[in-house]
Amino acid sequence: MPIYEYLCNSCGAEKEHLQKINDAPITACPVCGSSNYTKLISAAGFQLKGSGWYVTDFKNNKAKQTDSQSTTKESAQPAPAATPDVTTSKESSTVPATTVD
């Protein structure tokens with residue numbers, strides 16, 4: 001369940017509440033009872049744990065990055081141009097029509 005931050009605009013009290021996502025926002029301040037209690041927008045804080053995440057698998061993997069960069073540079077070089085064995089011209093590619101009399 002996420003933790004939501006609330007602020008009372010009357011008394012200035014700030015409080016965190018553990019609520020379900022689909023719960024209605026709390027409207028009454030638990031300190032002064034005012035109805036000026038509003039939900040604040042805040043960044044979510046979470047940490048990824050376990051295998052399969054960037055932090056555990058790729059973050060400190062500099063050796064693999066340098067190896068993969070050198071192989072991609074080698075594969076990115078263009079191959080030498082091959083000389084064609086057979087040259088084709090416009091005349092040899094067209095076949096004249098023959099008629100039978």
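The values are calculated or read from the model by the stated rules, or taken from the named source; none is laboratory data. What you are looking at is a predicted structure, and each value in this text was computed from that prediction instead of being measured. These area figures cover heavy atoms from the full protein model, side chains too; ligands, DNA and RNA do not enter into them. Shrake-Rupley method; radii C 1.70, N 1.55, O 1.52, S 1.80 Å.
Note on the stretch 28-52: residues that are of a type in the set (S, T, N, Q) and open to solvent by 90 Å² or more (accessible area, probe 1.4 Å) total 3. Under the condition of being open to solvent by 90 Å² or more (accessible area, probe 1.4 Å), charged (D, E, K, R) and in a loop (DSSP other than H, G, I, E, B), the residues counted in the stretch 1-27 number 1.
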